[in-house]
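My structure is below; once you've seen it, I'll send some questions.
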Amino acid sequence: MKVIVFKTNIVNEQRFNYTNYLLNSNTQVKQWSIDHYTKDKILRIEASDRLTASDVIMMLNKINIVCEQV
């Protein structure tokens with residue numbers, strides 16, 4: 001198990017809902033959260049060791065979510 005942290009552009013409910021659906025449907029993601037109170041909208045993912053930051057970035061980019069590993 002590992003934790004991966006990203007800065008994102010998840011600034012509204014629609015982007016949150018897309019992210020919610022995508023991450024909850026991925027069996028390698030165990031838990032995740034977004035800190036809406038920071039300007040960088042920090043996304044924290046607890047995942048299996050097989051999931052990489054690049055995997056997450058590619059998944060989120062497909063739904064127009066911009067993210068950068070911190």
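The values are calculated or read from the model by the stated rules, or taken from the named source; none is laboratory data. Predicted model only: the values in this text are computed from it and were never measured. What goes into the accessible areas is simple: the full protein's heavy atoms, side chains included, and nothing from ligands, DNA or RNA. Shrake-Rupley method; radii C 1.70, N 1.55, O 1.52, S 1.80 Å.
Against the longest principal axis of the chain, how steep is helix 13-24, in degrees 0 to 90 to the nearest 10, with axes from Cα atoms?
So the inclination is approximately 0 degrees.
I'd like the carbon and sulfur percentage of the solvent accessible area for the chain, probe radius 1.4 Å, heavy atoms only, ligands and nucleic acids excluded.
49
Give the accessible surface of region 24-70 per residue, rounded to a whole number of Å², with probe radius 1.4 Å and ligands, DNA and RNA excluded.
Solvent-accessible surface per residue comes out at 67 Å².
Over the chain, calculate the relative contact order: mean separation of alpha carbon pairs under 8 Å at least 6 apart, over the residue count, as a percent.
Computed value for the chain: 46 percent relative contact order.
Okay, moving on. Using 0.36 nm times the number of residues separating residue 36 and residue 70, minus their current alpha carbon distance, what extension gain do you get?
Once the chain is fully extended between residue 36 and residue 70, it gains 10.6 nm.
For the chain, what is the number of Lys pairs with C-alpha distance below 18 angstrom, counting only pairs 8 or more positions apart or on separate chains?
4
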